[in-house]
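The next block holds one structure in the form of structure tokens; read it before the comments.
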Amino acid sequence: MSDPSPAEGVRQRNLARLLRLVHVDGPLSRAALTEATGLNRSTIADLVGRLVDEGLVEERAPDPARRVGRPSPVVVADPRVVAVTANPEVDALTLAAVGLDRTIRLRERIEVDHLLSPDETATLIADRITAWRAGDLADARIIGVGLAVPGLVRAADGLVRNAPHLGWIDTPVRDLVAHATGLPVAVDNDASLGALAEHLFGAARGVDDVVYLNGGASGIGGGLIVHGMPVAGAAGYAGEFGQNRPGIAASADRRAEGGVLEDEVSRAHLLEAVGLRAADEPTLAAALAAAGADPGVAAELERQRRILATALANAVNVLNPSVVVLGGFLATIAAHDPEGLRAAVAAQAMDSTADDLDIRVASLAEDRLLIGAAESAFADLLRDPTA
């Protein structure tokens, strides 16, 4: 196939620009797209028409209540264009169908009493896609599959180098899922995808310098946004905050001699404190809230908050973010005493780095990893809508 002409290249970039705008910013009128891009109205009309023909956007009548002057059709991402996303963990496989309009069309958590193998994971994903296609996704155009994996994922080819809690070592998960589903597959670290989702759509939207920490069943991972861009590192492994070794001032606070952050600040310890074997994020948060007056639960939350504060202060001193976002059980720890956590971080960080620091909980809640995984699955489509 020959390379596109310069004019075709410009058109392709403009199509990608428009599709990304309605994907990231939500429904936009043609007038708003004209203003955002600087293109003229006839060009916008032509580009929107092409995206409609491709089945990627819809045009809808403007809201009569907001109509001022000449009405302009509203352009929205077509919700029938979806990515299937999955997050394998030590206690469950969570799946979702995420629309190009960012709606969660379907969500399912499959709890397991054993560690999922890569082959079993691929089979479960394929089975759910088959069932969904025969039911709620009968009208859908599935673009691909996005996987958020709690481990080291090599950026070049999506190979899972090491997901230690799952026991996956040098595993070609992308190829396994692609073979099982017949769909394009994107794989990345779960926390990196959570950082991307919160940056684009959540608590860090519009913020250029962000540290994100994700607390899940497999431990603690992280993601970085620097000058508005995700930072992956040389091979895609950046952000493994859970493997850092924070100073622990009180020896009574230590639970694992020589342990790393995720050994001390641990979802398993919180589950044990409230007497649960397994739970999703809302269930654990509710159990901690209900047992908040219990001295043992309160002491465990405070112990983990002290150690987390030290780890965050180290990150703040090194990276100087304007916002720290906490997801998963870390958000639950923070929500129990947000001002106390911020004060503890500020007390251990340099004054200049902590002056304007804002610590926030992930606003996308338990959907953040799935939405981030959808972004990885949508990436090629957003880059070239007509490919």
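The values are calculated or read from the model by the stated rules, or taken from the named source; none is laboratory data. Everything numeric in this text was worked out from a predicted model, so none of it was measured. Heads up, the Cβs are rebuilt from the backbone with ideal geometry, glycines too, and the neighbour counts pull from every protein chain shown. Just the protein is used for accessible areas: all its heavy atoms, side chains included, with ligands, DNA and RNA removed. Shrake-Rupley method; radii C 1.70, N 1.55, O 1.52, S 1.80 Å.
Only residues that are surrounded by 21 or more Cβ atoms within 10 Å (Cβ to Cβ) and out of contact with any Leu (no Cβ under 9 Å at 6 or more places or on another chain) were counted across the range 201-213, and they come to 1.
The rows are residues; the columns are (1) open to solvent by less than 30 Å² (accessible area, probe 1.4 Å); (2) closer than 30 Å to E240 by Cα; (3) of a type outside the set (F, W, Y).
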site: P71; (1), (2), (3): no, no, yes
site: V75; (1), (2), (3): yes, no, yes
site: L100; (1), (2), (3): yes, yes, yes
site: S117; (1), (2), (3): no, yes, yes
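P385 meets all of the listed conditions (1) under 30 Å from G144 (Cα atoms); (2) surrounded by 19 or more Cβ atoms within 10 Å (Cβ to Cβ); (3) within 19 Å of the chain's Cα centre (by Cα) but one, namely (3). Within the range 294-310, not a single residue is of a type in the set (K, R) and over 27 Å from A354 (Cβ atoms).
A count restricted to the range 172-200 and to residues that are in a helix (DSSP H, G or I) and either closer than 22 Å to L330 by Cα or open to solvent by 40 Å² or more (accessible area, probe 1.4 Å) (or both) stands at 16. Taken over the range 157-171, the residue count meeting the criterion of being part of a strand (DSSP E or B) and open to solvent by 50 Å² or more (accessible area, probe 1.4 Å) is 4.
Of all the listed residues (V324, V316), the sole one being at pLDDT 95 or above, under 23 Å from A362 (Cα atoms) and in contact with a strand residue (DSSP E or B) (Cβ under 6 Å, 6 or more places away or on another chain) is V324.
For H199, indicate whether it is farther than 30 Å from A291 by Cα, without any contact (Cβ under 8 Å) to a residue 40 or more places away in the chain and out of contact with any Lys or Arg (no Cβ under 8 Å at 6 or more places or on another chain).
Values: farther than 30 Å from A291 by Cα: yes; without any contact (Cβ under 8 Å) to a residue 40 or more places away in the chain: yes; out of contact with any Lys or Arg (no Cβ under 8 Å at 6 or more places or on another chain): no.
Against the criterion (farther than 30 Å from A291 by Cα, without any contact (Cβ under 8 Å) to a residue 40 or more places away in the chain and out of contact with any Lys or Arg (no Cβ under 8 Å at 6 or more places or on another chain)), H199 does not qualify.
Quick check: is even one residue across the range 40-48 surrounded by 21 or more Cβ atoms within 10 Å (Cβ to Cβ) and either touching a Ser or Thr at 6+ places or on another chain (Cβ under 6 Å) or over 23 Å from F378 (Cβ atoms) (or both)? Checking the range 40-48: at least one residue is surrounded by 21 or more Cβ atoms within 10 Å (Cβ to Cβ) and either touching a Ser or Thr at 6+ places or on another chain (Cβ under 6 Å) or over 23 Å from F378 (Cβ atoms) (or both).
Collect the residues in the range 218-246 that are part of a loop (DSSP other than H, G, I, E, B) and either under 26 Å from A279 (Cα atoms) or touching a helix residue (DSSP H, G or I) at 6+ places or on another chain (Cβ under 6 Å) (or both), keeping them in residue-number order. Break it down into steps so the answer makes sense when it comes.
We begin by selecting, within the range 218-246, every residue part of a loop (DSSP other than H, G, I, E, B); these are 218, 227-228, 232-240, 244-246.
Listed by number, the residues that qualify are S218, G239, E240, N244, P246.
Would you please name the residue that is surrounded by the fewest Cβ atoms within 10 Å (Cβ to Cβ), looking only at residues in the range 246-287 that are among the charged types (D, E, K, R) and touching a Gly at 6+ places or on another chain (Cβ under 8 Å)?
As a first pass, look at the range 246-287 and keep what is among the charged types (D, E, K, R): 253-255, 257, 262-264, 267, 272, 277, 280-281.
From the residues that got through so far, the ones that are touching a Gly at 6+ places or on another chain (Cβ under 8 Å) too are 262, 267, 281.
Details: E262: 23, R267: 26, E281: 21.
Per the criteria, the residue is E281.
Residue-level check: of (1) in a helix (DSSP H, G or I); (2) under 27 Å from A387 (Cα atoms), T121 misses just (2). Within the range 135-156, the only residue that satisfies the criterion of being open to solvent by 50 Å² or more (accessible area, probe 1.4 Å), under 15 Å from L106 (Cβ atoms) and either of a type in the set (A, V, I, L, M) or in contact with a His (Cβ under 9 Å, 6 or more places away or on another chain) (or both) is A138.
Screening R109 on (1) without any contact (Cβ under 8 Å) to a residue 60 or more places away in the chain; (2) open to solvent by 20 Å² or more (accessible area, probe 1.4 Å) shows it passes everything except condition (1). Residues that are touching a Gly at 6+ places or on another chain (Cβ under 7 Å) and under 18 Å from P118 (Cα atoms) within the range 136-154 comprise A148, P150, V153, R154, listed in sequence order. For the range 214-245, name all the residues that are out of contact with any strand residue (DSSP E or B) (no Cβ under 7 Å at 6 or more places or on another chain), closer than 18 Å to P164 by Cα and open to solvent by 30 Å² or more (accessible area, probe 1.4 Å). A217, A235, Q243, N244, R245, listed by residue number. Would you pick out the residues in the range 272-287 that are assigned to a helix (DSSP H, G or I) and either over 28 Å from the mean Cα position of the chain (by Cα) or not hydrophobic (A, V, I, L, M, F, W, C) (or both)? Of everything in the range 272-287, those that are assigned to a helix (DSSP H, G or I) and either over 28 Å from the mean Cα position of the chain (by Cα) or not hydrophobic (A, V, I, L, M, F, W, C) (or both) turn out to be E272, E281, P282, T283.
Can you pull out the residues in the range 124-154 that are under 21 Å from S192 (Cα atoms), assigned to a loop (DSSP other than H, G, I, E, B) and touching a helix residue (DSSP H, G or I) at 6+ places or on another chain (Cβ under 9 Å)? Correct list: P150, G151. How about the range 89-112: which of its residues are closer than 19 Å to F201 by Cβ and either in contact with a Lys or Arg (Cβ under 6 Å, 6 or more places away or on another chain) or not charged (D, E, K, R) (or both)? Scanning the range 89-112 gives T94, A96, A97, V98, G99, L100, T103, I104, L106.
Of the helices (runs of 4 or more DSSP H) lying entirely inside the range 288-360, those containing at least 3 residues that are crowded, with 22+ Cβ neighbours inside 10 Å span 295-319, 329-336.
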